[in-house]
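Peer 1: The structure follows.
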Amino acid sequence: MDLTIDLFATSLHGWQPGKPLLARIDGAPRFDIIEVHRPRSEALAAGMLTSILIFASFTLLFQPKALPNAPAQLGKGSGPGIPGADSHDSAQQAVATDPEAHHKLIAAIAANLKQLYVDRAIGQRLADALLAYDKNGEYESLDMAADLAARINKDIQTTSRALGIPRGVFIADVVYSARPLPTGPPPPMTAEMRERSRAALLQQNCLFETIETLPHNVGYMKLNGFADATSCQETTSRAMASVNNVDALIVDLRDNGGGFGDTALQIAGYLFDRPTYLYDPRRNSPVPARTASPISGNKLVDKPVYVLTSSRTQSAAEYFVYNLKMLKRATIVGETTAGHQHSGAFHRITDHFGMGIQEAAPPDNPFPVKGWEVIGIEPDVKVSRTEAFDAARKLAESQARRR
C-alpha cells in the first residue's frame, strides 16, 4: 500500500529530495550524502507488484488446520505430540484434563479428613460431601492447580458451616504449589548453615526496616518479620531501647509476614508491667505462654501503642496483634489481617498438592473473639494500608500532647 501511494504521488508531483539532516558528533563515524536521485517509476511499480504477491502467499500459507483430538495422558506419551508444543506444555495439558487425577486427589483429601480430623464424625461427613461433589462432576472443569484447591477449600468451609461449625474454626486447608512439595522434613541445619543464616539476618538488621522518633516524640518502628530470637534477641533489645523514651509508639506490621513467635513475645514484654499470658492456637507451641515482663529500665509500660496492619499481616504478626488487641494494650489501625495462622499438621498428597488439617483440639482461648487464625483480626480503626500511618500518627500525636 505504501509503495502504491509513493508511485501515485511521484507520477503527479514529481519527486523532491529533502534536505539532509546531519548531526555533528565529534570523534564518531560520519556519513554524508553526496548525491541523491529520484526513485524510478518502474522500480516502484515492481516493488508494489512483489508486495501484492507476497501478501497473497501469506494468506494461503497461514490457513488454520484442524488437529485431531487426542486423549490426554499422564506420564510419558506414546505417540507424537502437538507440533510446536514441548514436553512440559504437554504434561501440563495432560494434568489439567485428566479426570482420573481429580478423582485420586479428592479421594486422598477425603481419606485424610475421615481418618485425621479431630472430630471423626465431622471428618466423615466432610469427606462424604467432597466425594459427592466429585461424583457430580463439580471439579472436572478446573485445572489441577490453585483454582481447584480454592474450590475444595470453599466446599469444606460451606459444609462445615452447614454442620454447625462456627466461622473461624480451622478445619483443613488444601494448598497447591507450582514447585514440587518436599517429601520429608528439611535436613537439620549444620553449624555453618546456622552461622550463614545469622549473618544474613544481622545484615538485614533482623528485619527492622526503620526505627525513628517522629515529631511530638512519637516513636516509629517498621518491622517486616519476626526474626529468629537465637540470632536477633540482642538486636531486638537494642531496638526497643532506642524508643524507650518516646511518649507514644507506632509499630508498623503492614508488611510483616510472620516468623518466630519468640521475638513477638519479646517485644510484647516491653508493653506490660507483669508476666502476661498471650494465646497461641498451637497446642504444643515452643513459644512460652507468658511475657518476660517486667523488663529492667523499660519505660514503655504505660505509653500508648498503635499497631499498623494490612491484608499482608499474617502468622506470628497476627499472634502479636491479636493478643495486644484482646488485652486492650494497643490500638490496631489499618486493614483486616490475613488469617494465616493455622495450627494443624501438614500432609503431602501429591507433588503439588498438600493439606493442613486440625488433628488435635487447640488449647482453650480465654478471649471473647475467636478464630483470628482463620478469619483475621479486625482493626480498631479501619482504613486502607496507605492511610494507616497518617491515621495512627495523628492519634499518637494527640495522646503524646496530653502527657
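The values are calculated or read from the model by the stated rules, or taken from the named source; none is laboratory data. Here the structure is a predicted model, which is why all the values come from computation and not from measurement. Please note: Cβ atoms are built from the backbone with ideal geometry, for glycine as well, and neighbour counts cover all protein chains shown.
Peer 1: If I go through the stretch 304-325 residue by residue, how many of them are more than 15 Å from the chain's Cα centre (by Cα) and of a type in the set (D, E, K, R)?
Peer 2: So the answer is 2.
Peer 1: Separate question: Any idea how many residues of the stretch 294-330 are of a type in the set (Lys, Arg) and in a helix (DSSP H, G or I)? Step through it out loud before you land on a result.
Peer 2: Initial filter on the stretch 294-330 (of a type in the set (Lys, Arg)): 299, 303, 312, 325, 328-329.
The next check asks that each one be in a helix (DSSP H, G or I); those that pass are 325.
The total comes to 1.
Peer 1: Could you tell me which of the residues GLY168, GLY137 is free of Cβ contacts under 8 Å to residues at least 40 places away in the same chain and assigned to a loop (DSSP other than H, G, I, E, B)? Can you show your working first?
Peer 2: On the way: GLY168 fails: free of Cβ contacts under 8 Å to residues at least 40 places away in the same chain.
Selected residue: GLY137, the only one of GLY168, GLY137 that is free of Cβ contacts under 8 Å to residues at least 40 places away in the same chain and assigned to a loop (DSSP other than H, G, I, E, B).
Peer 1: Hey, can you tell me all the residues within the stretch 296-319 that are among the hydrophobic types (A, V, I, L, M, F, W, C) and within 15 Å of ARG385 (Cβ to Cβ)?
Peer 2: Of the stretch 296-319, the ones among the hydrophobic types (A, V, I, L, M, F, W, C) are 300-301, 305, 307-308, 316-317.
Within the stretch 296-319, VAL307, LEU308, ALA317 meet the criteria.
Peer 1: Still on this model: Taking the stretch 331-351 on its own, how many of its residues are outside any strand (DSSP E or B), buried (at least 19 other Cβ atoms within 10 Å of the Cβ) and modelled with pLDDT of 95 or more?
Peer 2: Matching residues across the stretch 331-351 total 2.
Peer 1: Those residues that are of a type in the set (Val, Ile, Thr) and either without any contact (Cβ under 8 Å) to a residue 60 or more places away in the chain or not assigned by TED's automatic domain parsing to the domain that holds PHE272 (or both), I need them from the stretch 320-334; list them, please. If you could, list the steps in order and put the result at the bottom.
Peer 2: Filtering the stretch 320-334 down to residues of a type in the set (Val, Ile, Thr) leaves 321, 331-333.
Hit for the stretch 320-334 is ILE332, nothing else.
Peer 1: Right, something else. Can you name the residue in the stretch 356-367 that is out of contact with any Ser or Thr (no Cβ under 9 Å at 6 or more places or on another chain) and in contact (Cβ under 8 Å) with a residue 24 or more places away in the chain and, of all such residues, is nearest to GLN341 (Cα to Cα)? First the steps, then the outcome.
Peer 2: If we filter the stretch 356-367 for residues that are out of contact with any Ser or Thr (no Cβ under 9 Å at 6 or more places or on another chain), which is where we start, we get 357, 359, 361, 364-367.
Next, only the ones that are in contact (Cβ under 8 Å) with a residue 24 or more places away in the chain stay: 357, 359, 361, 365-367.
Details: ILE357: 12, GLU359: 15, ALA361: 15, ASN365: 15, PRO366: 18, PHE367: 17 Å.
In this case the residue turns out to be ILE357.
Peer 1: Further question on the same structure: With under 23 Å from PHE260 (Cβ atoms) and either of a type in the set (Phe, Trp, Tyr) or touching a residue at least 60 places away in the same chain (Cβ under 8 Å) (or both) as the only criterion, which of ALA338, ALA317 stands out?
Peer 2: Numbers: ALA338 fails: either of a type in the set (Phe, Trp, Tyr) or touching a residue at least 60 places away in the same chain (Cβ under 8 Å) (or both).
Result of the check over ALA338, ALA317: ALA317.
Peer 1: Something else about it: I'd like the full set of residues that are free of Cβ contacts under 8 Å to residues at least 24 places away in the same chain and more than 12 Å from PRO304 (Cα to Cα), limited to the stretch 388-400. Outline the logic, then answer.
Peer 2: Looking only at the stretch 388-400, we keep the residues that are free of Cβ contacts under 8 Å to residues at least 24 places away in the same chain, and these are 390, 394, 398.
Result: ASP390, LYS394.
Peer 1: All but one of (1) at pLDDT 95 or above; (2) touching a helix residue (DSSP H, G or I) at 6+ places or on another chain (Cβ under 6 Å); (3) assigned to a helix (DSSP H, G or I) hold for LEU395, so report the exception by its number.
Peer 2: So the condition that LEU395 fails would be (2).
Peer 1: Which of (1) surrounded by fewer than 17 Cβ atoms within 10 Å (Cβ to Cβ); (2) farther than 28 Å from VAL174 by Cα; (3) in contact (Cβ under 8 Å) with a residue 24 or more places away in the chain is the odd one out, the single condition SER311 does not satisfy?
Peer 2: Against the list (1) surrounded by fewer than 17 Cβ atoms within 10 Å (Cβ to Cβ); (2) farther than 28 Å from VAL174 by Cα; (3) in contact (Cβ under 8 Å) with a residue 24 or more places away in the chain, SER311 comes up short only on (2).
Peer 1: Among the residues in the stretch 286-293, are any assigned to a strand (DSSP E or B), over 30 Å from GLY123 (Cβ atoms) and touching a Lys or Arg at 6+ places or on another chain (Cβ under 6 Å)? Can you show your working first?
Peer 2: So in the stretch 286-293, the residues assigned to a strand (DSSP E or B) come out as 290.
Now restrict to residues that are over 30 Å from GLY123 (Cβ atoms): 290.
Subset that is touching a Lys or Arg at 6+ places or on another chain (Cβ under 6 Å): none.
The answer is no, given that none of the residues of the stretch 286-293 is assigned to a strand (DSSP E or B), over 30 Å from GLY123 (Cβ atoms) and touching a Lys or Arg at 6+ places or on another chain (Cβ under 6 Å).
Peer 1: Here's a follow-up. Scan the stretch 375-396 for residues that are in contact with a Lys or Arg (Cβ under 8 Å, 6 or more places away or on another chain) and surrounded by fewer than 19 Cβ atoms within 10 Å (Cβ to Cβ) and report the count.
Peer 2: To start, the set of residues in the stretch 375-396 that are in contact with a Lys or Arg (Cβ under 8 Å, 6 or more places away or on another chain) comprises 375, 377, 380, 385, 388.
If we keep only those that are surrounded by fewer than 19 Cβ atoms within 10 Å (Cβ to Cβ) as well, we get 375, 380, 385.
The number of residues fulfilling the criteria is 3.
Peer 1: Same structure, new question: Which of the residues spanning the stretch 209-221 are of a type outside the set (Ser, Thr, Tyr) and surrounded by 15 or more Cβ atoms within 10 Å (Cβ to Cβ)? Please lay out each step first, then the result.
Peer 2: Taking the stretch 209-221 and keeping what is of a type outside the set (Ser, Thr, Tyr), we get 209, 211-212, 214-219, 221.
ILE211, LEU214, HIS216, ASN217, VAL218, GLY219, MET221, listed by residue number.
Peer 1: Picking from ASN224, ASN245, which residue would you name as being in the same structural domain as ALA392 (by TED's automatic domain parsing), closer than 24 Å to GLN204 by Cβ, at pLDDT 95 or above and surrounded by fewer than 22 Cβ atoms within 10 Å (Cβ to Cβ)? Quick ask: steps written out before the conclusion?
Peer 2: Numbers: ASN245 fails: closer than 24 Å to GLN204 by Cβ.
The conditions single out ASN224.
Peer 1: Ok, one more. Looking at (1) under 25 Å from the mean Cα position of the chain (by Cα); (2) assigned to a loop (DSSP other than H, G, I, E, B), can you tell me which one PRO363 breaks?
Peer 2: For PRO363, the exception is condition (1).
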